[in-house]
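Colleague: Take this structure first; my questions come after.
The values are calculated or read from the model by the stated rules, or taken from the named source; none is laboratory data. What you see is a predicted model, and the numbers here were worked out from it, not measured in a lab. Here the Cβ positions follow ideal geometry from the backbone for every residue, glycine too, while neighbour counts run over all protein chains shown. What goes into the accessible areas is simple: the full protein's heavy atoms, side chains included, and nothing from ligands, DNA or RNA. Shrake-Rupley method; radii C 1.70, N 1.55, O 1.52, S 1.80 Å.
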Amino acid sequence: MVAPILDKKSGKGARGQGLDTPERSPQARLEEAVGLALAIDLDVRESGAVPIPQPKPATLFGTGKVEELAGVVRMEDAELVIVDHPLTPVQQRNLETAWNAKVLDRTGLILEIFGDARARGKGALQVELAHLVYQKSRLVRSWTHLERQRGGFGFLGGPGETQIETDRRLLSERIVNIRKELEQVRRTRALHRKSRRRVPYPAVALVGYTNAGKSTLFNTLTGAEVLAQDILFATLDPTIRRLALPNGSKAVVSDTVGFISDLPTTLIAAFRATLEEVQQADLILHVRDIADPASASQRADVNGVLADLGIDTEAEPDRLLEVWNKADLLDPVAREHAANEAARHGAILVSAVSGFGLDLLLTEIEGRLNRRRQTLEIAVQPQEGALSNWIYENCEVISRADLGEGVTSLRIRVAPEKRDRLARVAGAARLNSAAE
């Protein structure tokens, strides 16, 4: 199914295609396409679903449908039509000719959203890289007005071919430079993560379908002021804050870019530097909009992106916790049903707006993080300053007590990967297991 969305005021618009997944209806896909258009402040004037029995290589649509939509374009005086479906460069060019309007496909629309003013800092670099990779494959469209001629010596191209090659070379050079910059960003973030690992706090990452309420939940849990609006892709660069847990434990939590169905592969590759925060997290919170009828298919889309990042949620079930957000949008009966389903699936039902369920969520986060971390007690002698310093830098000190004569008893929580190192530094015989 294809849904045309036309914008008269700004000369922009969109079209939406239904997914093959049975959970998402054509109407839900159409509404998402409208949301994508609204994310960059478009005035949507017309929308609808168009069946395509047999996609045409030249135009995607059949001849009659192309002519029918050309009439809609003229009637709405639209300058841009966006097709929420992949278009080949040839299809894009032919539709632009037939409709006398600019045409973008789903990938182009998502790149436009990511390229909006919200893409700042390192996120802007990643967006530019995805844009350039996308444009490079479509350069031939820009110079069709220049003729191809045989040159004066041998079989040389005419001015059009020369301009295409020049643009392609310039794009390639810029792509190489951006990738070098992003590699430096990746190394810098790796150093930051290494520095954070010296602070003995586990890492929590928020992921989810775009507009599921991740940033609102992040702000509520941490007291941060990350942009949280009812728009798609409000967050691009990751934000990291400290999170205080109920029984005194601490963690660092990061808010990441939202996912979406059919996320362009160029964007997945470009945002690897950002999504490495997810790859390195001790616990991943998958935030779902449980009030959205398409929540089940959105879950599959997010898990697909996580799989692309090398995160196997089936092999590491304790590493992923589903957070069913927006309980405040459910009526009492639906909320009770959702709470029962969440308990049955090991999820937590919450409302980031009202605070419903957040105490239970924090308790579950702390329990899962501490499940892998061993609680020990060790007595440190006054002359063991180096040992005490190592413990404070690499372990979480829960409490301390003076035993007299300068001896200090430390109750600590240590990650599995640092347990052996502690045993070597302090001596395994001195480590006593302690109950939580």
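Colleague: Per residue, how much accessible area does region 255-383 show when a 1.4 Å probe rolls over the protein heavy atoms, in square angstrom?
Modeller: Working: 5530 Å² over 129 residues.
For region 255-383, the per-residue accessible area is 43 Å².
Colleague: How big is the accessible area of Tyr209 in square angstrom, nearest 10, if you roll a 1.4 angstrom probe over the protein chains?
Modeller: Taking all protein chains as shown, Tyr209 has close to 10 Å².
Colleague: Also, quick follow-up: Whose amide H sits under 5 Å from the amide H of Asp84, counting only residues 5 or more places off or on another chain, with H placed in the peptide plane?
Modeller: Ala3, Arg15, Gly16, Gln17
Colleague: Further, regarding this structure: Along region 34-42, what does the Karplus equation 6.51 cos²θ - 1.76 cosθ + 1.60 (θ = phi - 60°) give for ³J(HN,Hα), rounded to whole Hz, x for Gly and Pro?
Modeller: Each residue of region 34-42 in turn: 4, x, 4, 5, 5, 4, 10, 6, 8 Hz.
Colleague: For region 318-323, in order, what is each residue's ³J(HN,Hα) by Karplus, 6.51 cos²θ - 1.76 cosθ + 1.60 with θ = phi - 60°, in whole Hz (x at glycine and Pro)?
Modeller: Each residue's phi maps through the Karplus curve to give 6, 7, 10, 10, 7, 10 Hz.
Colleague: Run the numbers on region 315-366 and let me know its relative contact order in percent, using alpha-carbon pairs under 8 Å that are six or more apart. Working shown, then result.
Modeller: Details: 50 pairs, mean separation 19.3, N = 52.
Relative contact order for region 315-366 comes out at 37 percent.
Colleague: Continuing with the same structure: With the crude spin-label approximation of a point 7 Å out along Cα→Cβ, what separation in nm comes out for Ala428 versus Asn389?
Modeller: Each label point is offset 7 Å from its Cα along the Cβ direction, giving 2.7 nm.
Colleague: Test of understanding: what is the full-extension gain from Arg241 to Gln184, defined as 0.36 nm times their sequence separation minus their Cα-Cα distance?
Modeller: Details: separation 57, 0.36 × 57 = 20.52 nm, distance 2.27 nm.
Residue separation times 0.36 nm, minus the Cα-Cα distance, leaves 18.3 nm.
Colleague: Which ³J(HN,Hα) values, rounded to whole Hz and listed in residue order, are derived for region 50-62 from phi using the Karplus coefficients 6.51, -1.76 and 1.60 in 6.51 cos²θ - 1.76 cosθ + 1.60 with θ = phi - 60°, glycine and proline given as x?
Modeller: 10, x, 10, x, 9, x, 8, x, 7, 9, 6, 7, x
Colleague: For a quick check: with amide H placed at 1.01 Å from N, whose amide H comes under 5 Å from Lys102's, ignoring anything fewer than 5 positions away on the same chain?
Modeller: Leu80, Val81
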